[in-house]
């Protein structure tokens, strides 16, 4: 009997599990915790699908164009095309699963407008779309679990893959998070769906505390390639927190919220006591046309500039005001109720009467494990069910969801993350089914016990050394230092001198992480042990992000290095000579930099090369221009 | 001296060992919630009397009260630790593992029973497969959507079960959360096709009739799900189903 392992129970992992189990292969689903608690639940806004039910003649083509241009052409186009093509059918499938999508008066799925696009294309379920989508798939997986087709292994942590002499992935080694027992699990194919890595920026991230990227880092260290690590989306308006920062939706600015700081940074007065003339509305001043509704990346950079370059943060801290108090309270309550509730609940103050305190935060990793695809020459999209789709560079190892790099290029369009997680999970599942059907009969009988035993021993040795180490380094303190370092030097704004320094500091952290002192040696539910291991792997992945950022001497999407900025000439549009000069420079830059960054692990640090991007469907002729 | 947050935490090293209490102090910071304070504590776990101890184990993930991981008893009330702001709580803040569930370690409990019950009541919609059939589900009115949406936000956190006097070891009551899911699935236009199976599941032992109507569940639900409304509606459904069973109609 063929054995399949899926690691991670968010949207991507559950979709993969569903498609593989439906095809008649039994799936073992590994997760750090009960799958229903996965980070997918945090997505609030919605999921894109061109349903064209709002009289705007929206089209799948336009969804594709918006996605590609939003990502500054860096995404390979065939997978994106298939994702946009299949989005409407995917949404209908979710609806059949019972997902409670919000309704129009006539009872069909409602659509809302999202950032960066002109047409209403975002299906939503109240203010908890991710939660609702995850539960829909979770229920289907439970149905298969009840039928004996899926076996869940919750409270197990993936530690490593096991490869045979030919380098093929033949199973995994995992750790029971209660017994702390390390065990091997042979498999014919393994799917990694372990989500993002925002925790490398902790606490300035909107990601859940388990979104460490450790699993992706582990297979990277075992030879899988990692692509576009430097592309990380920073959300401009996250409420402050020592534990993590919580997303305040763009809607707050869209509905009239104003961002400001006191003109005098040493001003100690509460915000409501600071008169209008002593406030600095920097977005309105710097971007007169858009003001507070400037795009995500523009707003993040402006806040960064005001706080970090000009030292204008409120009270000298990483903090600016997002102010709704000038708006009609009834209107604010009606339009922004969900945000108000979150802020009141977690901050304790009321945004209707007191400005919110916010700062940019790491939100979404566009980069991830490199995955292959097979193009269908006729349609231009994916060749469905090809064993190459979502295959990593390790044969027998697949990746999907936020931990792959496939769908967003240099920046992600709002409401495309739930779509890519779902679509890629399903596509990976279908690829795995083809892979299993193509395996030689009896190939699972190759004796591999030596390889498994060796890997189990290696992992046990790591645990043992951590348990006895008295090196004096604290895993939690190291993680905090990592987050600060990444936020300061590999964050919203980047420059090469800072990046060089960052890389050196990461190497120093790596060394110190060898001397972690757990402070406990319990052999039962030892959370510090698991955490310490994750911190080490986060430091490895942070190096990939930093190295990519170092190498890429340009501005593209979320990666911003002002030294190399090409600015659209103000007030000039296509056809104007100045704009055409800009366009030529932009194309010239594309010839050099419109390439995926591919990182390979070496003990001295990641090695980077560049790979051509498939831009055959929509060639890069039009620069992204949100004016 | 900075202001301190005082905690009394019920510790337990493992499922079979005896619980014990320890007191801790964490420096106050604006905005702290129970989980963020525990995160500070784990970095340097020392009791109030200066004794170095093993860090407190507990579960958490999203920190936004949407994943359901960090359920615990905070001053005797089952709730999400991440949404329990320190400034709103009386001190010393007493933390205990979520009631009714077997303790794994400290504030970590084993909630597998919740998911087992969801299987027992068949809390899913039967679909032919997770592929496109080129149409969606039948229409749902906005009013009906709103009622359903209350129930679909249940995150299986277990707070209602911790508060329910009927639920617990030695009793196989399915609990309010599972009943609410039956209500939700039975309302879906195609979920209705399997209404009878789900109703039979909650008409069996440990089903609806075990509810003692204490109404604790609805008071502690962090998502304010109208659990008792669901139970009331199901009461009527079950009566009708009994009649249908009696007269041989499905």
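Any residue at all in the range A:144-153 that's over 30 Å from residue A:44 (Cα atoms), in contact with a strand residue (DSSP E or B) (Cβ under 8 Å, 6 or more places away or on another chain), surrounded by fewer than 24 Cβ atoms within 10 Å (Cβ to Cβ) and modelled with pLDDT of 95 or more?
yes
When residues of the range B:169-201 are filtered for being assigned to a loop (DSSP other than H, G, I, E, B), within 14 Å of chain A (Cβ to nearest Cβ) and touching a helix residue (DSSP H, G or I) at 6+ places or on another chain (Cβ under 8 Å), how many remain? Talk me through it step by step, then tell me what you get.
Just the residues of the range B:169-201 that are assigned to a loop (DSSP other than H, G, I, E, B), to begin with: B:169-175, B:188-190.
Next, only the ones that are within 14 Å of chain A (Cβ to nearest Cβ) stay: B:188-190.
Now narrow it down to the ones that are touching a helix residue (DSSP H, G or I) at 6+ places or on another chain (Cβ under 8 Å): B:188, B:190.
Residues that pass the stated criteria total 2.
Residue B:79: on the phi < 0 side of the Ramachandran plot, in contact (Cβ under 8 Å) with a residue 12 or more places away in the chain, at the interface with chain A (Cβ under 7 Å from one of its Cβ atoms) and in contact with a strand residue (DSSP E or B) (Cβ under 9 Å, 6 or more places away or on another chain), yes or no?
Answer is no for this residue.
Please determine whether any residue of the range B:82-89 is within 7 Å of chain A (Cβ to nearest Cβ) and crowded, with 21+ Cβ neighbours inside 10 Å.
The answer is no, given that none of the residues of the range B:82-89 is within 7 Å of chain A (Cβ to nearest Cβ) and crowded, with 21+ Cβ neighbours inside 10 Å.
Which one of the conditions (1) within 25 Å of residue A:134 (Cβ to Cβ); (2) more than 11 Å from every other protein chain (Cβ to nearest Cβ) does residue B:96 fail to meet, given that it meets all the rest?
(1)
Which ones in the range A:474-498 are away from chain B (no Cβ under 12 Å) and either part of a strand (DSSP E or B) or crowded, with 21+ Cβ neighbours inside 10 Å (or both)?
Correct list: A:482, A:483, A:485, A:486, A:487, A:489, A:490, A:491, A:492, A:494.
Looking at B:104, B:56, B:35, which one is touching a residue at least 24 places away in the same chain (Cβ under 8 Å), facing chain A (nearest Cβ under 7 Å) and under 27 Å from residue A:204 (Cβ atoms)?
Of B:104, B:56, B:35, the one residue that is touching a residue at least 24 places away in the same chain (Cβ under 8 Å), facing chain A (nearest Cβ under 7 Å) and under 27 Å from residue A:204 (Cβ atoms) is B:35.
Among the residues of the range B:107-147, write down those that are buried (at least 18 other Cβ atoms within 10 Å of the Cβ), at the interface with chain A (Cβ under 8 Å from one of its Cβ atoms) and more than 21 Å from residue A:144 (Cβ to Cβ).
Once the filter is applied, which keeps residues that are buried (at least 18 other Cβ atoms within 10 Å of the Cβ), at the interface with chain A (Cβ under 8 Å from one of its Cβ atoms) and more than 21 Å from residue A:144 (Cβ to Cβ), the range B:107-147 yields B:108, B:136, B:140, B:145.
Would you please name the residue that is surrounded by the fewest Cβ atoms within 10 Å (Cβ to Cβ), looking only at residues in the range A:9-26 that are within 13 Å of chain B (Cβ to nearest Cβ) and not in a helix (DSSP H, G or I)?
The qualifying residue surrounded by the fewest Cβ atoms within 10 Å (Cβ to Cβ) is A:24.
Which condition breaks for residue A:302 when tested against (1) assigned to a loop (DSSP other than H, G, I, E, B); (2) under 19 Å from residue A:239 (Cα atoms); (3) away from chain B (no Cβ under 14 Å)?
With (1) assigned to a loop (DSSP other than H, G, I, E, B); (2) under 19 Å from residue A:239 (Cα atoms); (3) away from chain B (no Cβ under 14 Å) applied to residue A:302, the lone miss is (1).
Considering only the range A:317-354, how many residues are in contact with a helix residue (DSSP H, G or I) (Cβ under 8 Å, 6 or more places away or on another chain), over 27 Å from residue B:222 (Cβ atoms) and away from chain B (no Cβ under 14 Å)?
The qualifying residues number 4.
Select from the range B:38-53 the residues that are within 8 Å of another protein chain (Cβ to nearest Cβ) and under 21 Å from residue A:205 (Cα atoms) and write down the one among them that is nearest to the chain's Cα centre (by Cα).
B:39
Can you report the number of residues in the range A:319-356 which are under 25 Å from the mean Cα position of the chain (by Cα), surrounded by fewer than 22 Cβ atoms within 10 Å (Cβ to Cβ) and at pLDDT 95 or above?
Adding up the residues that qualify gives 1.
For residue B:166, state whether it is within 9 Å of chain A (Cβ to nearest Cβ), on the phi < 0 side of the Ramachandran plot and not in a helix (DSSP H, G or I).
no
All but one of (1) outside any helix (DSSP H, G or I); (2) within 27 Å of the chain's Cα centre (by Cα) hold for residue A:550; which doesn't?
The one condition residue A:550 does not meet is (1).
Considering only residues of the range A:91-111 that are touching a residue at least 40 places away in the same chain (Cβ under 8 Å) and crowded, with 21+ Cβ neighbours inside 10 Å, which is farthest from the other protein chains (Cβ to nearest Cβ)?
Restricting attention to the range A:91-111, the residues satisfying the condition of being touching a residue at least 40 places away in the same chain (Cβ under 8 Å) are A:91, A:94, A:97-98, A:104, A:108-109, A:111.
Of the ones still in play, those that are also crowded, with 21+ Cβ neighbours inside 10 Å are A:91, A:94, A:97-98, A:109, A:111.
On the way: A:91: 7, A:94: 9, A:97: 6, A:98: 4, A:109: 7, A:111: 13 Å.
Here the answer is A:111.
Being more than 34 Å from the chain's Cα centre (by Cα) and touching a residue at least 24 places away in the same chain (Cβ under 8 Å) is the filter here; which residues of the range A:568-582 pass it?
none
Of the conditions (1) modelled with pLDDT under 95; (2) more than 10 Å from chain A (Cβ to nearest Cβ); (3) touching a helix residue (DSSP H, G or I) at 6+ places or on another chain (Cβ under 7 Å), residue B:1 satisfies every one except a single condition; which number is it?
Single failed check for residue B:1: (3).
Kindly evaluate residue A:418 against the criterion of being in a helix (DSSP H, G or I), modelled with pLDDT of 95 or more and more than 26 Å from residue A:130 (Cβ to Cβ).
Criteria not met by residue A:418.
Test residue A:140 against the criterion of being crowded, with 23+ Cβ neighbours inside 10 Å, under 17 Å from residue B:137 (Cα atoms) and within 7 Å of another protein chain (Cβ to nearest Cβ), and give yes or no.
On the way: crowded, with 23+ Cβ neighbours inside 10 Å: yes; under 17 Å from residue B:137 (Cα atoms): yes; within 7 Å of another protein chain (Cβ to nearest Cβ): yes.
Taking the combined requirement at face value, the residue satisfies it.
The values are calculated or read from the model by the stated rules, or taken from the named source; none is laboratory data. Computed from a predicted model, the values in this text were never measured in an experiment. All Cβ positions, glycine included, derive from the backbone under ideal geometry; neighbour counts span all protein chains shown.
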